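The values are calculated or read from the model by the stated rules, or taken from the named source; none is laboratory data. The shown structure was predicted, so the numbers you read here are calculated from the model rather than taken from an experiment. Cβ: placed from backbone, ideal geometry, glycine included. Neighbour counts: every protein chain shown. In case anyone asks, the SASA skips ligands and DNA or RNA and just uses the protein heavy atoms, side chains included. Shrake-Rupley method; radii C 1.70, N 1.55, O 1.52, S 1.80 Å.
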There are 2 protein chains.
Amino acid sequence: MASSSTATPSSAAVPVAPENSARRGTAVADVRLSPNGFWGRRQEVNGAATLAHCLDWIERLGWLENIDRVARGEVTVERAGWQFSDSEIYKLLEAMAWELGRRDDAELEATFASVVARVAAAQDDDGYLGTAFGHPGLPPRYSDLAMGHELYNMGHLLQAAVARVRTAGDDLLVEVARRAADHICREFGGDGRDGICGHPEIEVGLAEFGRAVGEPRYLAQARLFVDRRGHGSLPVPPLQSAEYFQDDTPVIDAEALRGHAVRALYLSAGAVDVAVHDGDVALLDALRGQWDHTVERRTYLTGGMGSRHQDEGFGDDFELPTDRAYCETCAGVASVMFSWRLYLATGEVRYADLIERTLFNVIATSPAADGRSFFYANPLHQREAGAVPTDGVNARAEGGTRAPWFEVSCCPTNVARTFASLPAYVAAVDSSGDGSTDGDVAVLMQYADGRAVIGDVVLDVQTRYPDDGLIRITVLEAPDAESTLRLRVPAWASDAVLTEPGAESHPVAPGWADVRRAFVSGDVVTLDLRLAPRFTFPDPRIDAVRGTVAVERGPLVLCLESTDLPGDATIDDVSVDTTSAPIASGDGASVTAIVADPDERTPGALPFTSAPATPLRAGATELALVPYHRWAERGPSTMRVFIPTADGTDSTAATDGR
Amino acid sequence: MASSSTATPSSAAVPVAPENSARRGTAVADVRLSPNGFWGRRQEVNGAATLAHCLDWIERLGWLENIDRVARGEVTVERAGWQFSDSEIYKLLEAMAWELGRRDDAELEATFASVVARVAAAQDDDGYLGTAFGHPGLPPRYSDLAMGHELYNMGHLLQAAVARVRTAGDDLLVEVARRAADHICREFGGDGRDGICGHPEIEVGLAEFGRAVGEPRYLAQARLFVDRRGHGSLPVPPLQSAEYFQDDTPVIDAEALRGHAVRALYLSAGAVDVAVHDGDVALLDALRGQWDHTVERRTYLTGGMGSRHQDEGFGDDFELPTDRAYCETCAGVASVMFSWRLYLATGEVRYADLIERTLFNVIATSPAADGRSFFYANPLHQREAGAVPTDGVNARAEGGTRAPWFEVSCCPTNVARTFASLPAYVAAVDSSGDGSTDGDVAVLMQYADGRAVIGDVVLDVQTRYPDDGLIRITVLEAPDAESTLRLRVPAWASDAVLTEPGAESHPVAPGWADVRRAFVSGDVVTLDLRLAPRFTFPDPRIDAVRGTVAVERGPLVLCLESTDLPGDATIDDVSVDTTSAPIASGDGASVTAIVADPDERTPGALPFTSAPATPLRAGATELALVPYHRWAERGPSTMRVFIPTADGTDSTAATDGR
């Protein structure tokens, strides 16, 4: 298949690059994370284990065979996997493409090319690509827009092609993507079908692929899909609702994210893309308002989104149960996509803050240390220890243990593509000239040991973050003139201290901390974020956690695991004395806790009584809390993030002195 | 269709009559509830409105046409309704049969006969009856045991036939049921298919129908189905689990009810039936243990069961969220079925206590006052007011408003059959000779204005219960010798007072209160249950309601509705001062409450802070609470049963004095 394109690898090898934005993330090859650091280690494991692990499962379960069967023109009698299984192939190709943009690997390149060749062979002459519709033995194309996922699948194909064209230039995958995008524009353009896909993703795929290959038609088609949504055009399946698909209210009119969380977040990311491209301030403001509302009322302490197992969906405001928190890993990935686009559009620090929270407490929680098993749901309270799946596949999203694969296995490849593209979110060049600066600003927003090229500034970053809050930044290269280094001081870092070259240390408030000067090579800037563990109290409107407290340390949410309990105490017998501050311990903290024996109750009596319970109390003891991201790594356990307070005060009254 | 049976209407016109049980409920015609009383009024509305309402919807939606099409031998091209739609016809027939056992109604009798004739015409020659399988255009019989509901449907047919044979004697419906039961015994007997139905119900249907027509084969088949369950024989559909079907653990080995709540409870009821029939003490003990565990840890204050919308299922122990409480109305009906059978088997008062709680707070909550719309789910906290369904059908079980019909519309007919058979649960004859008595004991266990024939005792009961706690019982007829009248003093009635004929009043403790004497006509016994409203505190292990309190009054759980709030206050701004006792007011209570303005927070900030919130507090005000069973009757509202306490104490520490 000959390519007519002239696209070449872009210096902006990033997932999102709005051409009219003043901010741009760092290219994947421009940030080198040390393999000893928190994120560098994960990136290594991702490249060394997770990519092959995912390909192995996709091949084993016949999802690639689906592609081959279509390529051979065979009649499909029994199709393996769900109607969205193609997307896993594309998400894996995207992860491979970013990984290949980060480092040379001939074997991975050959694997990538081989999968792409199989995909290309399955593409129809008119550009349609899909294995669940439109071929012998299958239902007709676009005969189930609500649940068919055809455009969703191709949206992921386009995102994979974005990764490829920006890291390696035009090739067969890019050509396949271009033909698919052209097909979609013909089929669903202004003169075509007036339809949308039940699962948003094509919007974000078309928008960025349009930018990557310089094709405004694709961006216009993304805009059409965004604008068509919310008018109830999708047929609602039995027992379902239009809200599930975000087809209840147009994006411009919505007040909060709702319905299926991943759908809502992918849609929002795509809508920011088209709003920025079109300079549509009203649409962008609507999306910013939805982000605010969602973060204020529908987001967990971990950054997790999606309160309900039913519909994998958002709940009502302040409906944030910890035990049934869904917090799908993919929703964490999608939340980062949405927040990152808002950061690029606005330069506001809060979006980067939420990205950090989500990266450390949702996305990093999913994979096991070996990169071969994953959490799908990320609850904040596990009442019963999970079981290790016997055949490797966890049929349901729940369970309390990481599983190698899932019946619906969207999360492993989503983690893989996020880790492989992580450098893009670590730093950015800001050319907006906002505030006191008029040149490019080098923005360092996620802290990891390594080396970063940020525009014409090159930095060496030394840190043990998040185990330690000290970040030592050495300038290796900088322009001769004055320039600005902008550092993110997270919202939780109330005691942060900055030391500029040759100057006294001084406190810096949460937000952006700018260091402006004519840097010379060897200049050292240190930022100490001071990671003393801290208590965090919930808003009293969150019923699920009234009268409890959580402990955080730096960007990490901590948790109590049954593994760390003495004797036969259970996780639900513990309360925390909040009059004693938590103390740093290992990579977690220790707290003063009280382990109580619940009252004996009358057999067969309801768990409600005419007087408040007065459990017997043992003496205070010190209990260890560990980072939430590594819970259940020492075997199945029960766990909680929010722990009842032992001092008899609920969060609404602690300061009343009663 | 000629009948070969000699069965005639039984004096025991009750849903459950174990032949070797020492206890038997009162026949439906033997308890006449006053139409002015709480239950009598509902029974009137049921007969006058709900039965016709259900038939109208069933006809309109084509669920009876499904039957006709099968009778005509037509090819089904597009079938209306779900695979379990037949069961709604049978549950309605059961309700009609009980209603006809209670009062003559020629028009209802004609309607009943007409529906039965249509059902009979659809029965296959070998007794199979069903409209979703086994006929032209449909999948083969029993090709989807997990989700096909074929035996489930026929189980409801058998329960309808029980009602008919015991109230009217043998007729066409009974004959149809006998032929269906014979078919099932042939098909699934010891030499037949080694299968079970994904939705239990056939067990309870076969067991009771076997008793009603004196056919032990049916009881043996019920036993087979109970014993076969729990060995993982059902194929588990994608994203589902064996637990959903109770096919994970045999009934005899299970510790708690789990999975789909209605399935679990119907199964339990059928298992008690076979345990009692077979004198299987071990099985009965296992079921009693499961009841205890479930009531202690998986049951709401309303008696509602089922914590999860997902799977319509039970949750883990102490997983009792109020906002997402499912508490399906049908699970309430099924819980009454289970508890009633355990009462008959043991004579223990706690089963009757839970029945009362469930009747008043789940089943009575479902229908609107006009008997033409229903709640399906019964949450204890509604955060957003529901919408009135525009076309009458609520596609989803949620919503916060009663709906005329549902996409899955199991609840209306289940309410109808329960109300029509309600007299059977009001009183019982106990011939066990337990305790100090050796003759029959007349047990009055639910209090309603009316007249009751309980064995050879006839009582006139005057009461405004549950609006008032005074129950005045006049003996109209009694045997010449000494006999015992046994009255239930509910577990919550800690101040109850009993007055025997010609004696001083004396306090009686919760449990059974026996009055033994040679009654003469005109003797009056009064029981005053004293319905002062009371605070009820949750077990500290229930995270969802930590730091809250509920208010109950007699058997009624009360709730706060937004309808009763001053100004623009919202339901979630209210806390209750538990140092002031609630005061009776109308049919509810008033409490001293504090309405707070939530703190202003930073836009876009997570709802978690480094210090407990200190909301501004307005002065104390009196707020009215209304019975939960009538919430949303005054229009869509927000609502909560458990309200945060204002006194700064959570339930674990209130007595610590801190």
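Of the strands (runs of 3 or more DSSP E) lying entirely inside the stretch B:509-605, those containing at least 2 residues that are more than 30 Å from A:Phe642 (Cβ to Cβ) and open to solvent by 30 Å² or more (accessible area, probe 1.4 Å) are B:511-517, B:524-528, B:583-585.
Yes or no: B:His293 open to solvent by 20 Å² or more (accessible area, probe 1.4 Å), more than 17 Å from B:Glu203 (Cα to Cα) and outside the structural domain of B:His149 (by TED's automatic domain parsing)? So B:His293 passes the test. Condition check: over 20 Å from A:Asp247 (Cβ atoms), open to solvent by less than 10 Å² (accessible area, probe 1.4 Å) and assigned to a helix (DSSP H, G or I). Does A:Leu157 satisfy that? Answer is yes for this residue. Here A:Thr474, A:Thr418 are screened, and the one residue that is surrounded by fewer than 21 Cβ atoms within 10 Å (Cβ to Cβ), of a type in the set (Ser, Thr, Tyr) and out of contact with any Lys or Arg (no Cβ under 7 Å at 6 or more places or on another chain) is A:Thr474. One residue stands out in the stretch A:349-381 among those that are open to solvent by 10 Å² or more (accessible area, probe 1.4 Å) and of a type in the set (Asp, Glu): the one that is farthest from A:Ala334 (Cα to Cα), namely A:Asp370. Pairing residues of the stretch A:377-397 that are at positive phi with residues that are crowded, with 18+ Cβ neighbours inside 10 Å and not basic (Lys, Arg), at Cβ distances under 6 Å and at least 6 apart in sequence or on separate chains, gives A:Gly392/A:Pro404; A:Gly392/A:Trp405.
Which members of the stretch A:304-323 meet the condition of being within 9 Å of chain B (Cβ to nearest Cβ), farther than 16 Å from A:Arg396 by Cα and either touching a helix residue (DSSP H, G or I) at 6+ places or on another chain (Cβ under 8 Å) or of a type in the set (D, E, K, R) (or both)? Residues satisfying the conditions are A:Asp316, A:Asp317, A:Phe318, A:Glu319, A:Leu320, A:Pro321, A:Thr322.
For A:Gly205, the conditions (1) over 24 Å from the mean Cα position of the chain (by Cα); (2) modelled with pLDDT of 95 or more all hold with the exception of (1). Taken over the stretch A:280-303, the criterion of being assigned to a loop (DSSP other than H, G, I, E, B), within 13 Å of another protein chain (Cβ to nearest Cβ) and under 20 Å from A:Ser21 (Cβ atoms) is satisfied by no residue.
One line per residue, one yes/no per condition, for (1) under 18 Å from the mean Cα position of the chain (by Cα); (2) among the small types (Gly, Ala, Ser); (3) surrounded by fewer than 24 Cβ atoms within 10 Å (Cβ to Cβ):
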| residue | (1), (2), (3) |
| --- | --- |
| B:Arg383 | no, no, yes |
| B:Gly386 | no, yes, yes |
| B:Gly400 | no, yes, yes |
| B:Ala403 | no, yes, no |
| B:Gly439 | no, yes, yes |
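Of the residues making up the stretch B:599-608, those that are more than 14 Å from A:Arg546 (Cβ to Cβ) and either at the interface with chain A (Cβ under 7 Å from one of its Cβ atoms) or modelled with pLDDT of 80 or more (or both) are B:Arg601, B:Pro603, B:Gly604, B:Ala605, B:Leu606. Close Cβ contacts (under 9 Å, 6 or more residues apart or on different chains) running from residues in the stretch A:486-512 that are within 14 Å of another protein chain (Cβ to nearest Cβ) to residues that are among the aromatic types (Phe, Trp, Tyr) comprise A:Pro510/A:Trp492. All told, A:Arg258 falls short of being open to solvent by 10 Å² or more (accessible area, probe 1.4 Å) and closer than 19 Å to A:Leu151 by Cα.
For A:Cys197, the test of being within 21 Å of A:Ile252 (Cβ to Cβ) and modelled with pLDDT of 95 or more is passed. Residue count for the stretch A:88-136, restricted to those that are open to solvent by less than 10 Å² (accessible area, probe 1.4 Å), part of a helix (DSSP H, G or I) and of a type in the set (Ser, Thr, Tyr): 1.
Which numbered condition trips up B:Ala611, out of (1) at pLDDT below 90; (2) in contact with an Asp or Glu (Cβ under 9 Å, 6 or more places away or on another chain)? Only one criterion in (1) at pLDDT below 90; (2) in contact with an Asp or Glu (Cβ under 9 Å, 6 or more places away or on another chain) is unmet by B:Ala611, namely (2). Residues in the stretch B:66-85 that are surrounded by fewer than 19 Cβ atoms within 10 Å (Cβ to Cβ) and either at positive phi or not in a loop (DSSP other than H, G, I, E, B) (or both): B:Asp68, B:Ala71, B:Arg72, B:Gly73. Among the residues of the stretch A:326-344, none qualifies, meaning not one is over 13 Å from the mean Cα position of the chain (by Cα) and of a type in the set (Gly, Ala, Ser). Does B:Gly332 satisfy the condition of being under 23 Å from B:Cys410 (Cβ atoms) and more than 9 Å from chain A (Cβ to nearest Cβ)? Yes; evaluated as a whole, the condition is true for this residue. Screening B:Gly522 with (1) more than 30 Å from B:Thr579 (Cα to Cα); (2) within 14 Å of chain A (Cβ to nearest Cβ) gives one miss only, at (2). Open to solvent by less than 30 Å² (accessible area, probe 1.4 Å), at negative phi and touching a Ser or Thr at 6+ places or on another chain (Cβ under 8 Å) - does that describe any residue in the stretch B:184-195? Checked against the condition, which is being open to solvent by less than 30 Å² (accessible area, probe 1.4 Å), at negative phi and touching a Ser or Thr at 6+ places or on another chain (Cβ under 8 Å), the stretch B:184-195 yields at least one hit. Taken together, the residues in the stretch B:220-251 that are open to solvent by 10 Å² or more (accessible area, probe 1.4 Å), of a type in the set (A, V, I, L, M, F, W, C) and free of Cβ contacts under 8 Å to residues at least 60 places away in the same chain amount to 5. Examine the stretch A:560-571 for a residue that is within 14 Å of chain B (Cβ to nearest Cβ), farther than 15 Å from A:Leu625 by Cβ and not small (Gly, Ala, Ser), and state whether such a residue exists. Yes, the stretch A:560-571 contains a residue that is within 14 Å of chain B (Cβ to nearest Cβ), farther than 15 Å from A:Leu625 by Cβ and not small (Gly, Ala, Ser).
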